[in-house]
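Asks: After the structure tokens below, expect a handful of questions from me.
The values are calculated or read from the model by the stated rules, or taken from the named source; none is laboratory data. Owing to the predicted nature of the structure, the values given are computational and were not obtained by experimental measurement. We place every Cβ from the backbone using ideal geometry, glycine too, and count neighbours over all the protein chains shown. All accessible areas refer to the heavy atoms of the entire protein, side chains included, with ligands and DNA or RNA removed. Shrake-Rupley method; radii C 1.70, N 1.55, O 1.52, S 1.80 Å.
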Amino acid sequence: VCLTGMPGAGKSTIAEGLESKGYEIINLGNAVREEAKKRNLESTRSNLGKLMLDLREKNGPGAVAELVKPKIESSISHVILVDGVRSNDEIQVLRKFGTVKLLAIHASTDLRFDFLQKRGRSDDPQTKEHFEERDTRELGVGISNSIALSDYAISNIGLTKDELIESAFKIIQSWIE
């Protein structure tokens with residue numbers, strides 16, 4: 001099951017909530033952070049953005065999904081939640097491992113910006129300008145296509161954290177059954 005959506009929409013909130021329900025989580029953003037660490041790059045907004053684009057340029061548009069292949073291959077779970085899919089090319093890489101269902105998370109621009117400011121990851125934007133730069137970069141790698149082609153979408157507007165997680169849980173359980 002792949003989670004897609006613009007930065008700050010609620011993908012990682014869902015992933016964290018479902019991890020406590022026994023789902024195995026693989027985060028594509030963390031794969032880029034791990035790659036940055038291997039390259040002795042500081043996990044800044046700028047470095048991670050450049051690295052993500054560089055990986056795609058050198059290794060193809062599905063390159064970030066390729067980074068998690070070893071984790072998927074070594075997994076004993078038959079349902080893995082992949083957090084942070086940003087393109088149809090990444091989905092194609094993941095389809096090599098089995099059936100892929102795509103869940104899109106939508107949230108307003110203001111809600112996403114507010115959430116990212118509070119979240120506190122090293123690469124989260126702290127200004128509206130950095131937020132807009134990140135959105136533009138994400139749209140440039142094709143995230144709008146994965147959102148548009150999702151199997152189901154959740155609007156994360158007016159939901160509590162628990163309601164968001166429960167909504168995703170019910171959808172995913174219906175796919176498994």
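Asks: When you scan the range 25-38, do you find a residue that is over 23 Å from residue 177 (Cα atoms) and touching a Pro at 6+ places or on another chain (Cβ under 7 Å), even just one?
Replies: Taking every residue of the range 25-38 in turn, none turns out to be over 23 Å from residue 177 (Cα atoms) and touching a Pro at 6+ places or on another chain (Cβ under 7 Å).
Asks: Quick check on residue 113: is it of a type in the set (Phe, Trp, Tyr), closer than 29 Å to residue 159 by Cα and open to solvent by 20 Å² or more (accessible area, probe 1.4 Å)?
Replies: Judged against the criteria, residue 113 is a match.
Asks: In this structure, is residue 31 over 19 Å from residue 115 (Cβ atoms), crowded, with 18+ Cβ neighbours inside 10 Å, under 16 Å from the mean Cα position of the chain (by Cα) and aliphatic (A, V, I, L, M)?
Replies: Judged against the criteria, residue 31 is a match.
Asks: Which of the residues belonging to the range 46-63 are in contact with a helix residue (DSSP H, G or I) (Cβ under 7 Å, 6 or more places away or on another chain), over 22 Å from residue 131 (Cβ atoms) and in a helix (DSSP H, G or I)?
Replies: Of everything in the range 46-63, those that are in contact with a helix residue (DSSP H, G or I) (Cβ under 7 Å, 6 or more places away or on another chain), over 22 Å from residue 131 (Cβ atoms) and in a helix (DSSP H, G or I) turn out to be 55, 59, 63.
Asks: List pairs: first residue in the range 25-45 and at pLDDT below 95, second residue surrounded by fewer than 15 Cβ atoms within 10 Å (Cβ to Cβ) and of a type in the set (Phe, Trp, Tyr) anywhere in the structure, Cβ distance under 6 angstrom, at least six positions apart or on different chains.
Replies: Pairs that qualify, where the first residue is at pLDDT below 95 and the partner is surrounded by fewer than 15 Cβ atoms within 10 Å (Cβ to Cβ) and of a type in the set (Phe, Trp, Tyr): there are none.
Asks: Here's something else I'd like to know. Out of all the residues in the range 54-63, which are in contact (Cβ under 8 Å) with a residue 40 or more places away in the chain and either surrounded by fewer than 17 Cβ atoms within 10 Å (Cβ to Cβ) or under 17 Å from residue 39 (Cβ atoms) (or both)?
Replies: Listed by number, the list holds a single entry, 56.
Asks: Taking the criterion of being modelled with pLDDT of 95 or more and either closer than 21 Å to residue 131 by Cβ or touching a Leu at 6+ places or on another chain (Cβ under 9 Å) (or both), would at least one residue in the range 95-102 satisfy it?
Replies: yes
Asks: Which one of 25, 14 is part of a helix (DSSP H, G or I) and under 28 Å from residue 126 (Cβ atoms)?
Replies: 14
Asks: While we're looking at this one, here's another question. Exactly one condition in (1) assigned to a helix (DSSP H, G or I); (2) of a type in the set (Gly, Ala, Ser); (3) under 14 Å from residue 121 (Cβ atoms) is false for residue 43; which is it?
Replies: (1)
Asks: Check residue 118 against each of (1) at pLDDT 95 or above; (2) among the basic types (Lys, Arg); (3) open to solvent by 30 Å² or more (accessible area, probe 1.4 Å) and name the one condition it does not meet.
Replies: (1)
Asks: Do you know which residues across the range 132-177 are free of Cβ contacts under 8 Å to residues at least 24 places away in the same chain and open to solvent by less than 50 Å² (accessible area, probe 1.4 Å)?
Replies: 167
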